[in-house]
Structures are given as structure tokens and as C-alpha cells.
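These notes concern the structure reproduced below.
Derivation of every value follows stated rules applied to the coordinates shown; laboratory data play no part. The structure presented is a predicted model; accordingly, all values stated were derived computationally and were not measured. Glycine gets a Cβ as well: all are built from the backbone with ideal geometry, and neighbour counts include every protein chain shown.
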Amino acid sequence: MPASIPQMPSSDVLPAVESLSSESVPTDSTQSALDPRGIALAVLATAAAILLAQYMQSVLIPFVLAGLVFYALDPLVDRLQRLHVPRALGAGLAISLVVSGCAVLTYSLMDNALEVVEQLPVAARKVRSRLETDHPPTAIEKVQEAAREIDAAAAAAASPEASAPPGVARVVIEEPAFRASDYVLWSSLSALSLLGQASLVLFLSYFLLVYDDLFKRKLVENIGPTLGRKRITVQILNDIAVQIEGFIAVQVVTSVVVGIVTGVTLWAVGLNNPWVWAVAAAVLNVVPYFGPLIVAAGLGIVGYLQFESAAAALGVASLAMLITTVEGYWLTPALMQRVAQMNRIAIFAGILFWSWLWGVPGMLLAIPMMVVTKVVCDRIEGLQPIGNMLGE
């Protein structure tokens, strides 16, 4: 029978624990955790990474887009592979399906989209003229008018017709005239550049889909010598795949729902080209807060041009905002229960940061990159506070 352990009186337990904790914890732990040199190096490394990401955006953006296409199509390619379809053939079929769907949708709505684009400047000028005629000039407008008059007087005084001092020759700099051929050439080059970037993204996506297992195996082999680091790498890769695939699935479902409901609603109220705005609402739905505001503003301008009523324009814009509000507060939270959820402050700050860093592509890619960042931070012990700050 084992010997009984002597019991320590309760009055002696607390001093013993306090003495033990004071001996086991080093006194300089706080100083080592707040090492100024380490903080300075971390700040410099972060700044260098941000500058590098901004400088290399033309290279990094295609890789990020290819990664999203890979995670969106990887489940379909895996299912085709389980049906004994070679992975190379399955990847080609999946990418061809996406390209064909986008091409058919673009071709079917091209004329209506061009009509909407032509209407927007006319509607904006009409709204501006209506506001100028309906409201008396404010104090700011009077100051601006006075500034314009002063500028005109200064320009007239500096004109070649004004008297010049003796012996001084006036020089007039003429701006080059606008040439339509230059604009056509610039547009053609932009279209070719966009087509080249799209082709690059599709090729990268295809190779990622084909060599998925090889890439993961090489990454795990070279991540480090210890088994623990390899295990953490595998867990991070699996979590990223689950979270991104779930996020993309939820985003596709919600965007399709928003597009269909928006198109039907606009068709019911009699707005011209409702399905163009439905596609715009579905695409911009991937950008929280800013996307619905852009669609609502455009619908308000077009609604005012068609119905010639401020109340009708406000009603059309309010309908679009109501649809996205219902989707954002009820549908998306119900579908994202198993996806890494982030608080709204982190989402707003992330959109501002990535739109500043990469412009419009950064605004569209902000949320997926933040999801990946949160998954990585949740799995690495030293970065878990960052993941906790991003989460709800």
C-alpha cells in the first residue's frame, strides 16, 4: 500500500505557492518581452514587406488571383479525379467551364452594359444641373466663383495681348491637341495588358490544379527539419484550404442571390437594363460596405435620369441597399458558421489597407487575404494574438 502524502495546512499553502512562483518566474521576463531592439526590427521588417508588396503588385496580384481560382475549382477537380478522370484533363475542363461561362455572360450583356456606361455621364450632368437650379448658391460656392473670377483676371493680365515690358518677349506654351489615335492606341494596349494578365492567371491556376499534391509535398519537405514544424505546416495548409473553399462557396451563393433578387426587383420597378445592374451588384458584393454603396449610387443616378424624380431615384437606390443589408446581416452570417469569421473593424481596416496598397484589385482581394492571414496566425503560437484581434 503506497505511503500517504502528508497534508500541508491550508494556512501554509498560499505562502508556499507565492514563494515558488516568485522563484520560478524570472524577474526580467517583461523586459525581454518588450525588447526595444526586437520591436524596432519587427517594425522595419513590416515596413519593408509593405513596400515590397506595393512594388511587386504586378507579380503578386496574378498569384493571389490564381490561388483563389485554384481553391474555387479544386473540389471539382478532385471529384473528377475520383471518377477516374486524369487530373490534367479535369483541370482543363474546369477552367474551360469558367471561361466559357464568363464569355457567354459578357457577350449577352455587352450592349446593355455599354448603354449603361453611356448613360452615367449624362445622368450625372443632369443631376448636377438640377441641384444648381433648385438651390441658391451657398457661401462656399460664392467664394469659389470669386476665386474663378480672380484666376480669369490673372490669366487675362498674363495673356500675350497684354502689354509687355520693353525688351521682354512673352512665351506662350501651347498644350498638344487631343488626338483620337493616341486614345485608341492607349485603349488597345490596356486591353492587351488585361488579356495578358488574365491568361497568366489561368495558366497559373491550371498548373496549381495539376501539381497540387506535388507542391504541398515539396513545401512540407523543405519547411524545416523537425516533425513538429512539418505537422503545423500540414495543418495550416489544410485549414487554409477548408476556410478559403468555404469562404468562396458562401461568397458565390450570396452573390448569386443578391444578383438574382436585385435583377428581379429592378425589372419589377421598370428600370432599364436591370440585369446589367444585377451582375454589377453580384460582383461588387464581394467588397463589404463599399461595393453596395457604389451600386446604390449608380442606380440612383440612372433612376433619376429615367424617372426624372428624386424620390424615385432614392427609392431605387434604397431597394438595392435593402437587399444587400438583408444579405449581410442574415444570410451571410448563417452560412459562415464554419468559416473563419472576422470582426467588422478588422474587415473595414483591411479593405482600406489593401485598396491603398493595390487599388481596385486590393479592394476585391482584401477579404480572402485576411482569411488566410487569420488562419496562419491562429496556428502559429507567436502570431495567435493577431489572429485573436482579427476574429470575432
Worksheet entry | Virtual paramagnetic centre 7 Å along Cα→Cβ of Leu237, amide N under 11 Å, in segment 350-383 | none
Fill in: Gln197 paired with Met56, simple spin-label distance in nm, labels 7 Å along Cα-to-beta-carbon
1.8 nm
Practice prompt. Please find the FRET efficiency linking Trp356 to Ala88, where r is the Cβ-Cβ separation and R0 is fixed at 45 Å, and quote it to the nearest 0.05.
Written response: 0.70
Item to complete: In whole Hz, with x marking every Gly and Pro, tabulate ³J(HN,Hα) for segment 92-106 from phi via Karplus 6.51 cos²θ - 1.76 cosθ + 1.60, θ = phi - 60°.
Response: x, 5, 5, 5, 5, 5, 5, 5, 5, x, 5, 5, 5, 5, 5
Response to the item:
For Gly391, the residues 5 or more places away or on another chain with a placed amide H closer than 5 Å to its own amide H are Asn343
Worksheet item: Roughly speaking, what is the stretch gain from Tyr289 to Asn112, that is 0.36 nm per residue apart minus the C-alpha to C-alpha distance, in nm to one decimal?
Response: 61.1 nm
Worksheet item: If R0 is 25 Å, what FRET efficiency do you get for Phe63 and Val256 from their C-beta distance, rounded to 0.05?
Response: 0.40
Fill in: Packing-based order for 37-46, 68-77, 266-275, using average beta carbon neighbours within 10 Å, highest first
68-77, 266-275, 37-46
Worksheet entry | Cα centroid separation - segment 47-89 against segment 190-219, whole Å | 6 Å
Worksheet, complete the sentence: Amide H proximity to Ile223 below 5 Å, modelled H, separation 5+ or other chain, gives none
Item to complete: Go through segment 39-44 residue by residue and turn each phi into a ³J(HN,Hα) via Karplus (6.51, -1.76, 1.60, θ = phi - 60°); whole Hz please, and just put x for glycine and proline.
Response: 5, 5, 5, 5, 5, 5
